[in-house]
Amino acid sequence: MIFKLSDELVFPPPVLAREDGLLAVGGDLSVQRLLLAYSMGIFPWYSEGDPLLWWSPDPRMVLVPDEFHCSRRLERILRQEMFRVTFDQVFTEVIQGCAAPRPGREATWIVKEMQDAYIRLHEEGWAHSVECWLDDQLVGGLYGVSLGGVFFGESMFSTVANSSKVALATLIGQLAAWDFDLLDCQMKTSHLVSLGAREISGVEFGRCLQASVQRPTRRGVWSYEG
């Protein structure tokens, strides 16, 4: 059963999601609804022309900062300092980079409505970007939402090899320094597994999330440059 959302800020429990993780349809992408959704482990994901769809997959792919696996090759790239990394400098450009067409993927789920919604979240201090620069050119990055001790990763892009990996490794290092509990990766990929991410049950994720979102949120502009 898929639940149809009303104008009220309410979601059904994530445990009622379909086997594929689809939970509800409708509603809007207001800051208030998005924050409520993330606090429950729910996120929007849909394509151009589709209704607004809300998901809560079970099992859930997560990366504990202390469990991050940095390969020798990635360690070498980080030591070379080929890239410069910043936080929250050009959020709009990062989300546009994530939404841009790629070989083998002409359409994007990061439609204009989604971009505008996350830009509003960023302007209010809830969404953050990590930028990877080669000289003065933006060549990779990622963005997501921060609540309590959880960073909810949304998407990343790369126009130069290894730039998004450097952005992610830098973010993980900073999340560990800030004592974050989890980076929510949403769904399993072999790339995430190679980095140390693992699947946990929806029940376990919900339990971790409930405790973690009660922690103070590091809201506002994040500062990092290295």
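Bear in mind that the values in this text are calculations on the coordinates, not laboratory data. Just so it is clear, the structure is predicted and the values come from calculations on it, not from any experiment. We place every Cβ from the backbone using ideal geometry, glycine too, and count neighbours over all the protein chains shown.
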Item to check | Residues with amide H under 5 Å from that of residue 155, placed H, sequence gap 5 or more | outcome: 143
Item to check | Scattering profile of region 111-226 at q = 0.11 Å⁻¹ [log10 I(q)/I(0), Debye over alpha-carbon scatterers] | outcome: -0.38
Checklist outcome for this item: Spelling it out for residue 140: with amide H atoms placed in the peptide plane at 1.01 Å from N, the residues 5 or more places away or on another chain with amide H under 5 Å from its amide H are 132, 159
Next on the checklist: Taking every pair of distinct Cα atoms and averaging 1/r, then inverting, what Kirkwood hydrodynamic radius in Å comes out for region 106-175?
Outcome noted: 12.9 Å
Next on the checklist: Give me, ordered by chain and number, the residues 5 or more places off residue 90 or on other chains with an amide H under 5 Å from its own placed amide H.
Outcome noted: none
Checklist entry - With Rg and the Kirkwood Rh both taken from Cα atoms, where does Rg over Rh land for the chain? => result 0.95
Item to check | region 8-82: chymotrypsin sites (Phe, Trp or Tyr not before Pro) falling in loop per DSSP and having at most 10 other Cβ within 10 Å | outcome: none
Checklist entry - What does the charge dipole of the chain about its Cα centre add up to, to the nearest 20 debye, if the Cβ of each Lys and Arg holds +1 and the Cβ of each Asp and Glu holds -1? => result 540 debye
Checklist entry - When the chain is fully extended, how far beyond the present Cα-Cα distance does residue 4 get from residue 73, taking 0.36 nm per residue of separation? => result 20.1 nm
Item to check | Kirkwood Rh (inverse of mean 1/r, distinct Cα pairs), region 3-57, angstrom | outcome: 11.1 Å
Next on the checklist: With Kirkwood's inverse mean 1/r over C-alpha pairs for Rh, give me the Rg to Rh ratio of region 147-212, two decimals please.
Outcome noted: 0.98
Next on the checklist: Apply the Karplus curve 6.51 cos²θ - 1.76 cosθ + 1.60, θ = phi - 60°, to the phi angles in region 179-186 and return the couplings in whole Hz, x for Gly and Pro.
Outcome noted: 6, 5, 7, 8, 10, 7, 9, 6
Checklist outcome for this item: Once phi for every residue in region 52-67 is put through the Karplus expression 6.51 cos²θ - 1.76 cosθ + 1.60 (θ = phi - 60°), the whole-Hz ³J(HN,Hα) values, with Gly and Pro written as x, are 5, 10, 10, 10, 8, x, 9, x, 10, 8, 9, 10, 7, x, 6, 9
Checklist entry - Label residue 81 and residue 221 with points 7 Å out from Cα along Cα→Cβ: what is the distance between them in nm? => result 2.4 nm
Checklist outcome for this item: Per GNM of the chain with C-alpha springs under 10 angstrom, the most fluctuating residue out of 116, 179, 50 is 50
Checklist entry - Considering the dipole of region 61-212 built from charges on the beta carbon (Lys and Arg +1, Asp and Glu -1) around the Cα centre, which of 177, 148, 210 is farthest to its positive end? => result 177
Next on the checklist: Can you compute the helix-only [θ] at 222 nm over the chain? Use -39500 (n - 2.57) per DSSP H run of at least 4 residues, normalise by all residues, nearest 500 deg cm²/dmol.
Outcome noted: -9000 deg cm²/dmol
Checklist entry - Using the Karplus equation 6.51 cos²θ - 1.76 cosθ + 1.60 (θ = phi - 60°), what ³J(HN,Hα) coupling, rounded to whole Hz, does each residue of region 24-37 give in order, writing x for Gly and Pro? => result 8, 9, x, x, 8, 10, 5, 4, 5, 5, 4, 5, 4, 4
Checklist entry - Going by how many other Cβ atoms sit within 10 Å of their own, how do 33, 219, 72 line up, fewest first? => result 72, 219, 33
